[in-house]
Amino acid sequence: MNAPDSSSTRPYLIRALYEWCTDNGLTPYVAVAVDETVQVPREYVKNNEIVLNISFDATSSLKLGNDFIEFKARFAGSAREIIVPITHVIAIYARENGQGMAFPMVASPPASSAGPAGGVEAAAAVTDMSAPADASGLAGAGEGVDSKIMQLVPDSVPEAGDPGPDSPEPPKSPPRTRPSLKRVK
């Protein structure tokens, strides 16, 4: 099998990073470029992008296939069906530390990327990706399908007080307060 005839590495890398996140107790998020072939709640799309929580707790019937990521989830209490072509996945990363991988955009999606016949829209948790503009405007976009794979965050995560110039921050979550019991006599 020649290199041009081989399948894309993107779905395999997405599955590997999803498994790495779940094995380490991290929350896997995917950043997705949205167009007419992507089935997501449009009210959560910003700048033609959406970030989806694809953790076991946020989804049901998750299928990380070679052509599509499909699952059901809830957005504002409403169940939706999500269908994302693999070619539209911009990045997969862990919410807690931002480690993951970014992918170049495919110049023109294959003709077969019109998703399976959509039915009921389903859902998952969504969050803003507060990464610098260069994380979404990937260098090498439009070059070969998987010609370049970029790391979203450096191997070493800077200290909390030193964000570093090039390291994107994971999305901000509300501070968690530890529950406490009050003893009443």
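The values are calculated or read from the model by the stated rules, or taken from the named source; none is laboratory data. Everything numeric here is computed off the predicted structure, so don't read it as measured data. Glycine gets a Cβ as well: all are built from the backbone with ideal geometry, and neighbour counts include every protein chain shown.
Observations on the model:
- For M105, the conditions (1) modelled with pLDDT of 90 or more; (2) closer than 23 Å to S7 by Cα; (3) of a type in the set (A, V, I, L, M) all hold with the exception of (1).
- Matching residues, region 13-37, being closer than 15 Å to P85 by Cα and in contact with a helix residue (DSSP H, G or I) (Cβ under 8 Å, 6 or more places away or on another chain): I14, V30, A31, V32, A33, V34, D35, T37
- Residues in region 16-36 that are farther than 19 Å from M105 by Cα and hydroxyl-bearing (S, T, Y) were compared, and the one that is surrounded by the fewest Cβ atoms within 10 Å (Cβ to Cβ) is T22.
- Only residues that are farther than 13 Å from P11 by Cβ and over 15 Å from the mean Cα position of the chain (by Cα) were counted across region 58-71, and they come to 2.
- The one condition in (1) farther than 19 Å from A102 by Cβ; (2) in contact (Cβ under 8 Å) with a residue 40 or more places away in the chain that T27 fails to fulfil: (1)
- Selection within region 81-101 - under 21 Å from L62 (Cα atoms) and of a type in the set (G, A, S): A91, A94, G100
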